[in-house]
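Q: Handing you a structure now.
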Amino acid sequence: MWMPSLLMSSCNALLFNEVKYISTLRDLQNIEDALKGRASIAFSYVRAIGTPEHRAVMEAAFVYGTTYQFVLTTEIALLESIGTEDIEYAHLYFFHCKPVLDLTQQCRRTLMEQSLTTLNIHRFIKTMEAPLLTEVAEDPQQVSTVHLQLGLPLVFIVSRQATYEADRTTAEWVAWRLLGKAGVLLLLRDSLEVDIPQHANVIFKRAEEGVPVEFLVLNNIDLIVSRVESNMHIADMHEGEDSDVEGPSMDIQDDEVAETVYRDRKRQLPLELAVELTEETFNATVTASDSIVLFYAGWQAVSMAFLQSYIDVAIKLKDTSTMLLTRVNCADWSHVCTKQNVTEFPVVKMYKEGENPVSYAGMLGTEDLLKFIQLNRISCPVKITSVQEAEEYLSGELHKDLISYSSVSVLGLFSPAMTTAKEEFTEAGNYLKGCVITGIYSEEDVSILSSKYAVTLPALLLARHKEGKIESIPYANVHAQDIVQIITNASLETFPEITVGNLPTYLRLQKPLLILFSDGSINPQHTKAILTLVKEKHLDSCTPCWLNLKNTPVGRGILQAYFDTLPPLPLLVVVDLHSGGQVFAFPSDQAITEQNLLLWLRKLEAGLESHIKTLPAQEWKPPLPAYDFLSMMDAAASQHPTRKVPECVGETDVQENGKEQPEDKSAGGRDSVGILRLKHWHRSDWSEEAGTPFRRGDEEL
């Protein structure tokens, strides 16, 4: 999984306004002074833009940018000036500026001593948000705080009523020393219902479940801090023994996308084929000509990987397209991206005169993007004006240059009086633009076509150009959204080759998969046998498909998961992912014929065949409860329901008409950030001075 890059691809363009890039100590001081009493600062040093550490910081800024000011530098001298001695690796400081009311006072600083990874930064910031010190009067073995959820230990300072004030002062100083490393609690011995040794003044509780607490006698703060840090060091050593991974390396990236971009960094792309737009040129360009605009971030791995595909498209369209291919680097022109409501990277939008911009929602690859651009050359639905033109449309002659991009064409037949039905179909055609070619015919002589194809108006005709077939699609007076779904389902291939890109589409049908695995092209006799059973309606309860291991190498891993070792090919299996995860294999000693296959399927339905494997219903759980990012994001997203569209359909964005630079306001501007941001605790009010202790709060395929 490309999780680091995939997470970054959803970073909001407003991030650039939230992360301040600085190069001098004066810049840092100005930001610090401006935020005193208002917000705290997360200050980071990274060796270079685009490194794993930089991406980790940007991911953290995406989550916490509305609460804290993120500041970033690549200047070693700046790090040295604030007292850091070891600058071999990246650093992150938390500047506690919010409680500082005296503008002449410096913000207190806490250094994150772990490496800059997404999880480490998340854990560090969560500890900055937690209470500095908590008072408890219960069994330490039963106490739980966010620190334990984050994998950090707890330190209890045992207090008596007679020494409460001194004990609390000590506990606060310990808490500041251990901030980001452990949770500190003041345990009121006099209120306890459980006994603890009389001599113990410190209790240490590890994060691991089931480990008993330790009762200690430690007579100064340094001993307490050393105890925690020594245990952290031992834990780090154990992790190192269990892992072959060494420290961060500039040459080893943390995901496959980043690794590919890094390896291809010396590849020279003909970037001149995609015009670079700026804040000054954007509006004039997209209003003067039909344009495709790529919004990307030069520091982000997915953006740079897709930029290569985008340039490949530009090469294919060179001197043949009236569409101008352009690009905007949001790292340089964040205001442009914000105004166009760019909420993730990379994003492609199409701008045509007099039309709302359309967002590309397909796979991030050359062929899919090329299909989107080419199919958008024509208006959808195409208005057909004669019976002869309708026949040319259905045969593929009318748009033969586009047949390679859309293997099917849909023609809606309506009588002139069917106004509402035509409007609904037109809306559906606009919705499917760039995915499927649609046309509409509603002349007085439409009955000629309805009679020829034996359909009742209103009607939908589906032309499958590869097979040379024209089918009628069951259709009643339904809404545009229903028409979209009808066309989308009807456009699916009868016996498709399964790929990484189209698998989700077929899984959404919620049927068992009948998969023919092959190591290359499939035997025509096998294809004929399966298509015959499809035609005779014997395979209506499943989705027949095939998988070419040469085109989709991941198929080898799938087969090994089914059989432990790679079996001889071709091989036919049934996989029921939606009901039990059982895998059934067609007998290898039988030929794949219509009769043998039908007999085997009937045995399956009767429960007479034994499955060879049951796939586990695996859950991708977080390492610790506080790391459950997905549930946090789902909870936030549930408060902001969004419109769901078919995967192949681009989202039409609303554009405000006007003479100024066009703004894309479809997702609600800045408010849309809240959909993906995590909720977290807020620090309670602190004391006046920063120099004294304070009080703070899926299944496998």
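The values are calculated or read from the model by the stated rules, or taken from the named source; none is laboratory data. As the structure is a computational prediction, the values presented were derived from the model and not from experiment. Cβ placement follows ideal geometry from the backbone for every residue including glycine, while neighbour counts extend to all protein chains displayed. Just the protein is used for accessible areas: all its heavy atoms, side chains included, with ligands, DNA and RNA removed. Shrake-Rupley method; radii C 1.70, N 1.55, O 1.52, S 1.80 Å.
Q: Kindly report, to the nearest 10 Å², the accessible surface of residue 578 as traced by a 1.4 Å probe over protein heavy atoms only.
A: 80
Q: Shifting gears a bit: Quick check: convex hull over the Cα atoms of the range 30-112, volume per residue in Å³, rounded to an integer?
A: 91
Q: Per residue, how large is the accessible surface of the range 72-189? Use a 1.4 angstrom probe and give square angstrom.
A: 40
Q: With a cap of 14 neighbouring Cβ atoms within 10 Å, and only residues DSSP puts in a loop, list the GluC sites (Glu not before Pro) found in the range 462-494.
A: Values: sites: 467, 471, 493; in loops: 467, 493.
Taking the range 462-494 and a limit of 14 other Cβ atoms within 10 Å, the loop GluC sites (Glu not before Pro) found are 467.
Q: With every protein chain left in place and a probe of 1.4 Å, what is the accessible surface of residue 505, to the nearest 10 Å²?
A: 30
Q: Between residue 29 and residue 591, what is 0.36 nm times their sequence separation minus the Cα-Cα distance? Round to one decimal in nm. Intermediate results must be reported in sequence, preceding the final value.
A: Numbers: separation 562, 0.36 × 562 = 202.32 nm, distance 7.75 nm.
My answer for the length gained is 194.6 nm.
Q: Run through the range 317-394 and list the GluC sites (Glu not before Pro) located in a DSSP loop whose Cβ has at most 12 other Cβ atoms within 10 Å.
A: Hits after loop and neighbour filter: 353.
Q: Just to be sure I understand the model, the point goes 7 Å from the Cα along the line to the Cβ. What's the resulting residue 528 to residue 456 distance in nm?
A: Computed distance between label sites residue 528 and residue 456 equals 3.8 nm.
Q: Going by amide H atoms built from the backbone, whose H comes under 5 Å of the H on residue 543, apart from near neighbours?
A: The answer is 513, 514.
Q: Okay, next question. Which whole-Hz ³J(HN,Hα) couplings does the range 588-598 yield from phi under the Karplus relation 6.51 cos²θ - 1.76 cosθ + 1.60, θ = phi - 60°, glycine and proline marked x?
A: 5, 8, 10, 6, 7, 10, 4, 5, 5, 5, 5
Q: Could you work out what % of the accessible surface of the range 20-95 is carbon and sulfur, using a 1.4 angstrom probe and leaving DNA, RNA and ligands out of the count?
A: After summing per-atom areas, the C and S share lands at 48 percent.
Q: Let me ask you something else. Keeping all protein chains in place, calculate the accessible area per residue for the range 254-393 (probe 1.4 angstrom), answer in Å².
A: 44
Q: Which percent of the accessible heavy-atom area of the range 329-483 goes to carbon and sulfur, probe 1.4 angstrom?
A: Looking at the range 329-483 in its full context, I get 47 percent from C and S.
Q: What's the local net charge at residue 398, with K and R +1, D and E -1, over the other residues with C-beta under 14 Å away?
A: Neighbourhood net charge equals -2.
Q: Could you tell me which of rounded, prolate or oblate describes the range 428-558, using a ≥ b ≥ c as the square roots of the eigenvalues of the alpha-carbon gyration tensor, with rounded for a/c under 1.5 and, failing that, prolate when a/b is larger than b/c and oblate otherwise?
A: prolate
Q: For the range 66-172, which GluC sites (Glu not before Pro) are both in a DSSP coil and crowded by at most 11 other Cβ atoms within 10 Å?
A: The qualifying sites are 85, 88.
Q: Another one. Run the 1.4 Å probe and let me know the accessible area of residue 299, rounded to the nearest 10 Å².
A: For residue 299, solvent-accessible area is about 20 Å².
Q: Rank these residues by their accessible area, most exposed first, probe 1.4 Å: 453, 45.
A: Descending order: 453, 45.
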